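Structure record follows, encoded as structure tokens.
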């Protein structure tokens, strides 16, 4: 069996869903199809959540726009109103939740509200596939992929998830299963999410548990490129890369796949293909253990919306040892992931995503023992397999706040232009 993952861009409208069906029709394999929320629905639901938490009833207007969007897609695909009825029921559940006036911590409420995007998209996709294929089943991944209660960045409970998924997905009954990416659930039944853009990770988890032959991630690019074409217009496709190379790229900020995706695949030596849903006949890029680099190209990665935090012990003691342990414990407690670390004897520079409320709380916490300041509006630029020319290309004219080099990678923290 194979796992297919379709992102939001591939299913943003009825044309995209018909294209998904055409891609599926070319496979005779047993399939688990993981689908993201339509288009920018996740962003729209985040806006609904923000307004609701602020007590602003304008959230209802934005939610209504999302509702109409899904109904319009459904109306283009189906003659009868059965699917629209299912969408109505699901939207009513969310409306009732929001009207209950319960408001918990942000991370918890995020998962309860934003997760609906994947439910709506998969209902529509599964129902459309049922009009083409006779053996399709929709499953609610929240009842089968089980995690802890670390909301917005949940950890998978592998044994429980494996037991449930192996019982639920039975290819003797159906050849095609459609389910959600990004979301999961706790044992008591609360919805969790796996981190933003976590649908790739969902596909990898399912592939690992179900012993898939491969995972195919369908995107709007021809494969994995050596840079973002929106940044550098001469980007070239990488035909194949190793698991390690993929991990290095995603850690540096490459957005093609979710950073957690590789480990479950590497553990069972399952290849990952990145292919274009716009040109599905092309081979794309494969990530696998025995990849051969036919041509070594510099790989350029830009990670935007960063904050550079500088931390110094107030007594000028060494930053290593117990100090270092306390500092990183604070990062863990506040749920802040570190993208770059540079240490000297008495200072520590850390680059993190610009999640301002979390960063402000972290700095307040650290200031009991340390001096902590930060630079906002910075970017992290990385080059894998760098050359002097490739470095000059991305740093010329930029104010460099920090530079870090290894044998294969160079990283710069620069001010945003």
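Things to note:
- Positions within segment 348-364 being surrounded by 16 or more Cβ atoms within 10 Å (Cβ to Cβ) and more than 25 Å from the chain's Cα centre (by Cα), in sequence order: 348, 349, 363
- Selection status of residue 181, out of contact with any helix residue (DSSP H, G or I) (no Cβ under 9 Å at 6 or more places or on another chain) and closer than 30 Å to residue 97 by Cα: no
- For the criterion of being surrounded by fewer than 17 Cβ atoms within 10 Å (Cβ to Cβ) and either closer than 18 Å to residue 11 by Cβ or modelled with pLDDT under 95 (or both), residue 60 fails.
- Pairs, first under 16 Å from residue 273 (Cα atoms) in segment 287-309, second exposed (fewer than 14 other Cβ atoms within 10 Å of the Cβ), C-beta under 6 Å, six or more apart: 289/269
- Here is the figure for segment 144-176: residues that are closer than 15 Å to residue 205 by Cα and touching a strand residue (DSSP E or B) at 6+ places or on another chain (Cβ under 7 Å) total 11.
- For residue 142, the conditions (1) buried (at least 16 other Cβ atoms within 10 Å of the Cβ); (2) within 28 Å of residue 18 (Cα to Cα); (3) touching a helix residue (DSSP H, G or I) at 6+ places or on another chain (Cβ under 7 Å) all hold with the exception of (3).
- Remark: residue 104 matches the filter, which requires a residue to be out of contact with any strand residue (DSSP E or B) (no Cβ under 8 Å at 6 or more places or on another chain), part of a loop (DSSP other than H, G, I, E, B), assigned by TED's automatic domain parsing to the domain that holds residue 257 and farther than 29 Å from residue 281 by Cα.
- Output for segment 220-242, where each listed residue is closer than 21 Å to residue 5 by Cβ and either touching a residue at least 40 places away in the same chain (Cβ under 8 Å) or in contact with a helix residue (DSSP H, G or I) (Cβ under 8 Å, 6 or more places away or on another chain) (or both): 220, 221, 222, 223, 224, 228, 237, 238, 239, 240, 241, 242
- With respect to the conditions (1) in contact with a helix residue (DSSP H, G or I) (Cβ under 9 Å, 6 or more places away or on another chain); (2) surrounded by fewer than 16 Cβ atoms within 10 Å (Cβ to Cβ), residue 414 lacks only one, and its number is (2).
- Residues located in segment 268-283, provided they are surrounded by fewer than 22 Cβ atoms within 10 Å (Cβ to Cβ) and out of contact with any helix residue (DSSP H, G or I) (no Cβ under 6 Å at 6 or more places or on another chain): 269, 271, 273, 276, 278, 279, 281, 282, 283
- Hey, residue 118 in contact (Cβ under 8 Å) with a residue 40 or more places away in the chain and either crowded, with 17+ Cβ neighbours inside 10 Å or assigned to a helix (DSSP H, G or I) (or both) or not: yes
- Condition met for residue 307 (farther than 19 Å from residue 414 by Cα and either assigned by TED's automatic domain parsing to the domain that holds residue 255 or at pLDDT 85 or above (or both)): no
The values are calculated or read from the model by the stated rules, or taken from the named source; none is laboratory data. The model shown is predicted, which means the values in this text are computed figures rather than measured ones. Every residue, glycine as well, gets a Cβ built from its backbone with ideal geometry; the counts of neighbours run over all protein chains shown.
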